[in-house]
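K.L.:
Please see the structure below; I have some questions.
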Amino acid sequence: QVQLVESGGGLVQPGGSLRLSCAASGSIFRVNAMAWYRQAPGKQRELVALISRGGGTTYADSVKGRFTISRDNAKNIMYLQMNNLNAEDTAVYYCNADITGQATYLSYMYWGQGTQVTVSS
């Protein structure tokens, strides 16, 4: 059974840093593209950053220069290093991954349970 688990969220002051992790486990043949999404109260979920299996990245304009997405294919873990955080970054951050199942050989989008990031003084 495929599962995504996020960790690393918490409370941080404006200008501070935080590092999120997402670990994929289960009956996995291959983890393809992975991404971080976030959803603030009363707002729609938005893409924060995406990373392909080969390492190509895409960032939302609001986080360019501040956030860095990375992954360890051997361990099936994705990271999001967040620097110079501000109040607008407050949201629940979700891990997303396109995964090919070992049994079905079909690709499917999986979601983690989310981790809360709160930026406040």
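Since every read-out is calculated from the coordinates, none of them should be taken as a lab result. Quick caveat, the model's predicted, so the values are computed rather than measured. Neighbour counts run over all protein chains shown; Cβ positions are idealised from the backbone, glycine included.
K.L.:
Based on DSSP, what percent of beta bridges with both residues in the chain are antiparallel, to the nearest 5?
P.N.:
Taking every DSSP beta bridge within the chain, about 95 percent pair in antiparallel fashion.
K.L.:
For the range 90-105, just list the computed ³J(HN,Hα) in residue order, Karplus coefficients 6.51, -1.76 and 1.60, θ = phi - 60°, integers in Hz, with x standing in for Gly and Pro.
P.N.:
5, 4, 8, 9, 10, 8, 10, 8, 8, 10, 8, x, 5, 7, 8, 6
K.L.:
Which residue, chosen from 117, 91, 54, occupies the Cα position most advanced towards the positive end of the dipole of the range 52-121, where the dipole is computed from +1 (Lys, Arg) and -1 (Asp, Glu) charges on Cβ about the Cα centre?
P.N.:
54
K.L.:
I would also like to ask the following. How high is the relative contact order of the chain? Use alpha-carbon pairs under 8 Å, at least six apart in sequence, and give a whole percent.
P.N.:
For the chain, the relative contact order is 37 percent.
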